[in-house]
1. Using a/c under 1.5 as the rounded threshold, could you call the chain rounded, prolate or oblate? The axes a ≥ b ≥ c are square roots of the C-alpha gyration tensor eigenvalues, and prolate needs a/b larger than b/c, oblate otherwise.
2. Under the Karplus relation 6.51 cos²θ - 1.76 cosθ + 1.60, θ = phi - 60°, what is the ordered set of whole-Hz ³J(HN,Hα) values for the stretch 413-423, x standing for Gly and Pro?
3. So which trypsin sites (Lys or Arg not before Pro) in the stretch 40-83 end up in coil per DSSP with only 14 or fewer other C-beta atoms within 10 Å?
4. Would you give the gap between the C-alpha center of the stretch 443-462 and the C-alpha center of the stretch 341-395, rounded to a whole Å?
5. Taking the 0 to 90 degree range and rounding to the nearest ten, how far is the long axis of helix 311-324 tilted relative to the main principal axis of the chain, both from C-alpha atoms?
6. Could you derive backbone 3J(HN,Hα) for the stretch 336-343 from the dihedral phi with the Karplus parameters 6.51, -1.76 and 1.60 (θ = phi - 60°), listing whole Hz in sequence and x where the residue is Gly or Pro?
7. Expected output is a single nm value to one decimal: the length gained when fully extending between Ser411 and Gln104, i.e. 0.36 nm times separation in residues minus the C-alpha distance. What is it?
8. What residue among His333, Trp280, Ser257 has its Cα farthest toward the positive end of the dipole of the stretch 252-356, where the charges are +1 on Lys, Arg and -1 on Asp, Glu, each on the Cβ?
Amino acid sequence: MKLDAPFNLDPNVKVRTRFAPSPTGYLHVGGARTALYSWLYAKHNNGEFVLRIEDTDLERSTPEATAAIIEGMEWLNLPWEHGPYYQTKRFDRYNQVIDEMIEQGLAYRCYCTKDRLEELRHTQEQNKEKPRYDRHCLHDHSHSPDEPHVVRFKNPTEGSVVFDDAVRGRIEISNSELDDLIIRRTDGSPTYNFCVVVDDWDMGITHVVRGEDHINNTPRQINILKAIGAPIPTYAHVSMINGDDGQKLSKRHGAVSVMQYRDDGYLPEALINYLVRLGWGHGDQEIFSREEMINYFELDHVSKSASAFNTEKLQWLNQHYIRELPPEYVAKHLEWHYKDQGIDTSNGPALTEIVTMLAERCKTLKEMASSSRYFFEEFETFDEAAAKKHFKGNAAEALAKVKEKLTALSSWDLHSTHEAIEQTAAELEVGMGKVGMPLRVAVTGSGQSPSMDVTLVGIGRDRVLARIQRAIDFIHAQNA
Ligand code: GLU
């Protein structure tokens, strides 16, 4: 059988892996981890990565899901050298291979009616035999190809299929367990397992990294690959991800879609680092740069057992990356959240400054954007609890005095604003907090912000003075 080589594959590339999602929904974290492992294995070996969209299930596949998966892969920064390829565009090729297989006696047309097949199954069940096709049509030549038929692969009847799974070790399945698989339906469409086989061959895939839910397909696919004379890739079946309660990960446990993590304020670096550790390790190291992941990644260190998703650890990693990545980079991602929350950042501090100010305080970028709104926009009301707590006693007096001092400053910087607060406290003979806290609530609306000098400089003099006045008026109105 002849290899179709439309893909311009470099024969010098020794390792080529693929991610082959079915576009029936968003990219979920389990799929993303499989993609990451596949990608890392390729990169570790100076190989190539293929993206293939397995969209043959026309009823369940949608272009929106394809777009969502691609968006997820791009956000995670897992670029591919080849693709995206679409199986629906390759039906001619699949049919060409099927026709050749029929010609060579590797596959045969089956004209059995549904009724006959049901009867067969019934008898087999009664005799306590494993239901399987009895090859009636392999020997019966009374039909013409114009009649409705399916095409079946002539699976070997003897021996067994053995493969060394790179994660799970040696797996052996007896051929007596396998049926003569339908590879083309009555309507002429090739079936899923067959398309995968032809694609892995044509696309020069050397290592198939995929979810363990596909492990039953592997012996069938290997038999077809062998029959058509294609090389057998190495298989690596990756375990499932569970929620923290040990049940299969689902929406009930929180976000499962990769893009939901973006929306919730995670950096792709955090999610990638989280996913790489979820089922793979290198000693007890927790934080991995991309280079380190690529250098250290080996399939034989991938865990066989299911992993449990732990949102707290992901948050910890997120905060680590918010703190450690260059503020310019974090700011780019932060910008998305301001837009998402409808905050106009054109009038206020640079976003890199926001990152520097708030990196220690925020676990997510969503939180960073929402908790820094006051740097860019006026707020409607003071946080009720904060106002109650800090706008009492002689808060109005403290605010009036600090306003006077801030107004008089010749330069608006960290040092001078800090001094203004300190002097106010000294003159009123109160602790710094008695000035600082009312001031914080006055200018931010809440009881939480970075240190006051940093906050004041970030907000800017005009806004600060106007907001202090507003707070004074508010206190007077309340006491009136
Ligand atoms: N399309 C399959 C899925 O989304 C993957 C099949 C494979 O990797 O071989 O589960």
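Here, each number is a calculation from the coordinates, and none is a lab measurement. It should be emphasised that the depicted structure is a prediction, and the values quoted were computed from it without experimental measurement. Because the Cβ atoms are built from the backbone with ideal geometry, glycine has one as well, and the counts that use them run over all protein chains shown.
1. prolate
2. 9, 4, 5, 6, 5, 4, 4, 4, 5, 4, 5
3. The qualifying sites are Arg60.
4. If we compute the Cα centre of each part, the gap is 8 Å.
5. Between helix and principal axis, roughly 60 degrees.
6. Using θ = phi - 60°, the values come out as 4, 6, 4, 4, 4, 8, x, 9 Hz.
7. Computed gain between Ser411 and Gln104 is 101.7 nm.
8. Ser257
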